[in-house]
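The values are calculated or read from the model by the stated rules, or taken from the named source; none is laboratory data. These numbers come from a predicted model, not from an experiment. FYI the Cβ positions are ideal-geometry reconstructions off the backbone, even for glycines, and counts take in every protein chain you see. All accessible areas refer to the heavy atoms of the entire protein, side chains included, with ligands and DNA or RNA removed. Shrake-Rupley method; radii C 1.70, N 1.55, O 1.52, S 1.80 Å.
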Amino acid sequence: MTGDNPIYVTRPFLPPLEEFVPYMQEIWANKWLTNNGPFHQQLESQLSAFLGVEHLSLMSNATIGLIIALQALRVSGEVITTPYSFVATAHSLLWNNLEPVFVDIEPDTFNLDPERIEAAITPRTSAIMPVHCYGTPCNTKRIQQIADVHGLKVIYDAAHAFDVRFEGQSVLNTGDLSVMSFHATKVFNTFEGGAIVCSDAKLKQRVDYLRNFGFADEVTVMAPGINGKMTEIQSAFGLLQLKYAKAAIRSRLEIAETYRERLRGVKGVRVLTIPIGVEHNGAYFPILIEPDYPLTRDGLYNKLRENGIYSRRYFYPLISSMPMYRNLTSSLPANLPVANLIAERILCLPIYSDMEPREVDRVMAVVAGERRA
Ligand code: T4K
């Protein structure tokens, strides 16, 4: 262990505290703390404009958002999804009594491989739940074609895809619903939080009922809803954070570029390429540790820890290897060769908007043995 400060895989961006005080004063004056208050309404409309989407509903977090999205579309039976994600993706299916059917990922993007989806469709399949992993967009056109042919719903887990665009369009406008996360570790955060982007106003109405116990008015309950509401303090924080969001993404992208340049030529480290046409958000910085690197993936992970650097193995272990999923037929490693290989080699290096150059130097000193004056 060194005497240096720890470097975590990410750090939340916090605007200057004094800028948050006026928001708090307004909440104290209004005594309106939650349930679609004024800051909540402002954040829904400002976020929609910022992201270029029309129908957005704030959520208490993305996990509840995924659960509500499945309810909103009345999904039943089997849902095709990826094993290479955070556990919340598949857990949202179990919470709805749905059966996940895992399909392998693409070796370049680590997203659900569209060419393998059709073979997994059965008469019980009603939806596809892909993930824009690390913010890299899925092949949304191909996925929609398949969904249209087979009459399936598409719910994107867009937890990582805040403000990601493809060919100038927000990826959040694809599929029936897209679910974002505003957790503290995300590009844009409201401490805990999230949002569902809906493809039309009717769907947003249903999502809004479901997030508020199903209430349409004081006496009318439209659906067996849940409590998925975002509070005023979180919404206010989101409004302030939004002012800094473009700058935060810019600095993440600069850090990613620095890593990219300095890792070029480091033998045994593969850096993900961002597909042409994608405007990325720098959400994560994943690398693959190949067999010709001097250490194993876990060897490097441990060496970084010894130096006070807490990288993370997102996403290892695979969801399909976890006790509640591993007995599914689709979880067999032979069905998921790419995902199994990537999960063994992946490492996410620290990246956050106010990461300092000397922190990048410390990471590079371990990963590439670079020494800087
Ligand atoms: N779908 C996908 C694809 C997701 O990645 C996620 C969440 C979800 C759905 C569900 O979204 P939410 O329901 O959470 O909105 C973290 C996050 O808790 C989780 O939101 C995220 N994905 C996942 C990829 O990462 P952990 O268990 O790795 O977090 P934790 O507490 O170890 O934090 C990681 C590092 O971040 C810490 O070592 C230090 C730093 N940190 C963390 C927190 C919470 C801070 O500096 N300050 C903080 O407040 O899951």
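Taking the conditions (1) within 25 Å of residue 13 (Cβ to Cβ); (2) of a type outside the set (A, V, I, L, M); (3) open to solvent by 30 Å² or more (accessible area, probe 1.4 Å) in turn, residue 296 satisfies each one other than (1). The criterion of at least 3 residues that are among the aliphatic types (A, V, I, L, M), within 13 Å of the ligand (Cβ to nearest atom) and in the same structural domain as residue 177 (by TED's automatic domain parsing) is met by none of the strands (runs of 3 or more DSSP E) wholly inside segment 79-161. When segment 255-274 is filtered for residues that are touching a residue at least 24 places away in the same chain (Cβ under 8 Å) and assigned to a helix (DSSP H, G or I), the ones remaining, listed by number, are 255, 256, 258, 259, 262, 263.
Being within 23 Å of residue 106 (Cβ to Cβ) and either open to solvent by 20 Å² or more (accessible area, probe 1.4 Å) or among the small types (Gly, Ala, Ser) (or both) is the requirement here; does residue 271 meet it? The answer is yes for residue 271. Hey, does segment 218-235 have a residue that's polar (S, T, N, Q), out of contact with any Leu (no Cβ under 7 Å at 6 or more places or on another chain), within 14 Å of the ligand (Cβ to nearest atom) and assigned to a helix (DSSP H, G or I)? Looking through segment 218-235, at least one residue is polar (S, T, N, Q), out of contact with any Leu (no Cβ under 7 Å at 6 or more places or on another chain), within 14 Å of the ligand (Cβ to nearest atom) and assigned to a helix (DSSP H, G or I). Taken over segment 59-73, the criterion of being near the ligand (Cβ under 8 Å from one of its atoms), open to solvent by 10 Å² or more (accessible area, probe 1.4 Å) and assigned to a helix (DSSP H, G or I) is satisfied by 62, 63, 64.
Could you check, for segment 22-30, whether at least one of its residues is within 16 Å of the ligand (Cβ to nearest atom) and either among the hydrophobic types (A, V, I, L, M, F, W, C) or open to solvent by less than 80 Å² (accessible area, probe 1.4 Å) (or both)? Break it down stepwise before answering.
First, the residues of segment 22-30 that are within 16 Å of the ligand (Cβ to nearest atom): none.
No, there is no match, as no residue in segment 22-30 is within 16 Å of the ligand (Cβ to nearest atom) and either among the hydrophobic types (A, V, I, L, M, F, W, C) or open to solvent by less than 80 Å² (accessible area, probe 1.4 Å) (or both).
From the list 172, 203, exactly one residue is touching a residue at least 60 places away in the same chain (Cβ under 8 Å), assigned to a helix (DSSP H, G or I), away from the ligand (no atom under 16 Å from the Cβ) and hydrophobic (A, V, I, L, M, F, W, C). Which is it?
Numbers: 172 fails: away from the ligand (no atom under 16 Å from the Cβ).
None of the others qualify; the one that does is 203.
Among 94, 56, 51, 43, which is the only one that is surrounded by fewer than 16 Cβ atoms within 10 Å (Cβ to Cβ) and touching a residue at least 24 places away in the same chain (Cβ under 8 Å)? Only one candidate passes the filter, namely 94. When you scan segment 33-46, do you find a residue that is within 16 Å of the ligand (Cβ to nearest atom) and out of contact with any helix residue (DSSP H, G or I) (no Cβ under 6 Å at 6 or more places or on another chain), even just one? Within segment 33-46 (the criterion being within 16 Å of the ligand (Cβ to nearest atom) and out of contact with any helix residue (DSSP H, G or I) (no Cβ under 6 Å at 6 or more places or on another chain)), the answer is no, since none of the residues qualifies. When you check residue 76 against the structure, is it surrounded by fewer than 21 Cβ atoms within 10 Å (Cβ to Cβ) and within 24 Å of residue 223 (Cβ to Cβ), yes or no? So residue 76 passes the test.
In segment 323-367, which residues are assigned to a loop (DSSP other than H, G, I, E, B) and surrounded by 14 or more Cβ atoms within 10 Å (Cβ to Cβ)? It would help to see each step written out before you state the result.
Narrowing segment 323-367 to residues assigned to a loop (DSSP other than H, G, I, E, B): 323-328, 332, 336, 350-356.
Listed by number, the residues that qualify are 325, 326, 328, 336, 350, 351, 352, 353, 355.
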